[in-house]
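Everything below concerns the one structure shown next.
The values are calculated or read from the model by the stated rules, or taken from the named source; none is laboratory data. Quantities reported herein were computed from a predicted structural model and do not represent experimental measurements. Because the Cβ atoms are built from the backbone with ideal geometry, glycine has one as well, and the counts that use them run over all protein chains shown. Heads up: the accessible areas ignore ligands, DNA and RNA and are worked out on the full protein's heavy atoms, side chains in. Shrake-Rupley method; radii C 1.70, N 1.55, O 1.52, S 1.80 Å.
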Amino acid sequence: MLEKLKTLISENLEINTDNVTESSSFKEDLGIDSLDLFELVMAMEEEFDIEIPSDDLENMSTVGDVIEYIESHK
Amino acid sequence: MKTKVSSLLGITYPIIQGGMAWVAEYHLAAAVSEAGGLGLIGAASAPAEWVRDQIREAKKLTSKPFGVNIMLMSPYADEVAKIIVEENVKVVTTGAGSPEKYMKMWKEAGIKVIPVVASVALAKRMERSGADALVAEGCEAGGHIGESTTMALVPQVVDAVQIPVIAAGGIADGRGIAAAFMLGAQGVQMGTHFVVTDECQVHENYKERIIKAKDIDSRVTGRTTGHPVRALRNDMTKQYIELENKGAGFEELEQLTLGGLRRAVVEGDMKTGSVMAGQIAGMVKERMSCKALIEKLVSETDALMKGMKGYE
């Protein structure tokens, strides 16, 4: 799952994801702003065939948060 | 100038006056609506009861449609969202986030929801959530901005969605409106020019500063904080950008802009306030009533659009 997410991040945001782990935070570690986050969310929704309401998005600040969410909503 | 947007909103001209914080209050909004456009009351971070008062006062001045712009990062957003329903406001525009959680409540009340977006991904998400139209705002605009220009953003958003798109950012005359139509928009939203209208209640200094502004007078602060803002250059923007270049952190930078918009718009502090305005400020040279402005915009656009038959 982490690898899939890393691929999505690097493909959609052109970021080097070699050092990305579950504890990487979107804002501080990856430097992603709110527009980029929406790009990523759309890509994740397509890839995992789920919908992520923006209320739930507010609670996701690390890569690990996202993985947890996707696993519990598959 | 009949388009899908004018019929969607029940207005004569698809010209929206942006819901600018501290600027868009009931006098301005009502005057724009009376003149055939759509006025907006900017809720910004104001308490919900202020918004309620503004709506009631606007209704005393006009029976034509007007809307409220809700700033989703406001601590009062939940209450403002409810008041929009309670006070029977028929149009809401949204900024600073995604209005998904209010969509059901608003749609059930028959309200037209028009999110302001700065990217194709957000545009698609908003359409999926039930938005009736979108404002695609380019970074030429004043205030909080995205990455793309109006020229690049609008046609890409138009391609990505089925709902009508309203162009914003860098528009202050008929040429801008005609250009927006060419890019595929069905309406426009304007901010800067409406600030210098007679009915706009802001400080004299702010209006004068916009009138005097040249094309290259605006600066973008906050590119490093993830919250870019366009304002006319002054001591504050100079200092802010210097600090950003030195790698200053968010808290330090925020000291410069806390309360800055209010200082500029209400108190007329042009030196240290946030004098928000778009790149098009350089074109804005004349004060007039909202009625005169809208008539000017419409006749200029008509002349251009109707004069196109001779193209070879």
Cα convex hull of segment B:107-186 - mean projected area over all directions, nm²: 5.3
Accessible area expressed per residue, chain B, with surrounding protein chains retained (probe 1.4 Å, Å²): 43
Most mobile of B:T224, B:T93, B:T150 in a GNM of chain B (Cα contacts under 10 Å): B:T224
Charge tally in the Cβ shell below 14 Å around B:G187, where Lys, Arg are +1 and Asp, Glu are -1, B:G187 excluded: +1
Within chain B: Cβ-based charge dipole about Cα centre, in debye rounded to nearest 20 (Lys, Arg +1; Asp, Glu -1): 540
B:K238, B:K309, B:K90, B:K296, ranked by accessible area, largest first (probe 1.4 Å): B:K309, B:K238, B:K90, B:K296
Positive-pole candidate from B:L9, B:W50, B:M20, dipole of segment B:1-58, charges at beta carbon: B:L9
B:R56 accessible area, assembled protein chains, probe 1.4 Å, Å²: 120
Label point distance in nm, B:E312-A:K27, each placed 7 Å from Cα along Cα→Cβ: 6.0
Residue with peak Gaussian network fluctuation, chain B [Cα springs, cutoff 10 Å], from B:E252, B:E208, B:E127: B:E252
At q = 0.06, 0.11, 0.16 Å⁻¹, base-10 log of I(q)/I(0) for chain B (Debye sum, equal scatterers on each alpha carbon): -0.18, -0.62, -1.39
Residue of B:E286, B:E199, B:E137 that the Gaussian network model of chain B assigns the largest fluctuation, springs spanning Cα pairs under 10 Å: B:E286
Per-residue ³J(HN,Hα) for segment B:68-79, Karplus 6.51 cos²θ - 1.76 cosθ + 1.60, θ = phi - 60°, Hz, x for Gly and Pro: 10, 9, 9, 9, 5, 8, 5, x, 9, 3, 4, 5
Under 17 Å from the Cα of B:K112 - aspartates and glutamates, other chains or at least 8 residues apart: B:E86, B:E87, B:E100, B:E127, B:D132
Among B:G310, B:V266, B:Q255 - extreme Cα towards positive end, dipole of segment B:237-312, charges at beta-carbon: B:G310
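Counting helices only, and only those DSSP H runs with n ≥ 4, report the 222 nm mean residue ellipticity of chain A as the sum of -39,500 (n - 2.57) divided by its residues, in deg cm²/dmol to the nearest 500.
-17000 deg cm²/dmol
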Stokes-Einstein D (µm²/s) once Rh is taken as the Kirkwood radius of segment B:163-312 over alpha-carbon pairs, at 4 °C in 1.567 mPa s: 77
Percent of alpha-carbon pairs separated by more than 18 Å within segment B:12-80: 30
Bins of 20 Å, starting at 0 and running to the largest distance - Cα pair percent for the protein assembly as shown: 28, 58, 14, 0
Cut-off 11 Å between beta-carbons: net charge of the residues surrounding B:E252, Lys and Arg +1, Asp and Glu -1: -2
Set of aspartates and glutamates with alpha-carbon distance to B:K271 below 13 Å, sequence-local pairs under 8 removed: B:D235
Mean ellipticity per residue at 222 nm, deg cm²/dmol - from DSSP H runs of n ≥ 4 across chain B, formula -39500 (n - 2.57): -12500 deg cm²/dmol
Net dipole in debye of segment B:48-102 [+1 Lys, Arg Cβ; -1 Asp, Glu Cβ; about Cα centre; nearest 20]: 280
Apportionment of accessible area to carbon and sulfur, chain B, percent (1.4 Å): 53
Debye log10 I(q)/I(0) at q = 0.20, 0.23 Å⁻¹ for chain A, Cα point scatterers: -0.79, -1.11
Heavy atoms of B:K64 accessible to a 1.4 Å probe, total area in Å² rounded to 10: 90
Greater than 22 Å apart at Cα, pairs in B:K60/B:K104; B:K207/B:K296; A:K6/A:K27; B:K238/B:K285; B:K2/B:K82: B:K60/B:K104; B:K238/B:K285; B:K2/B:K82
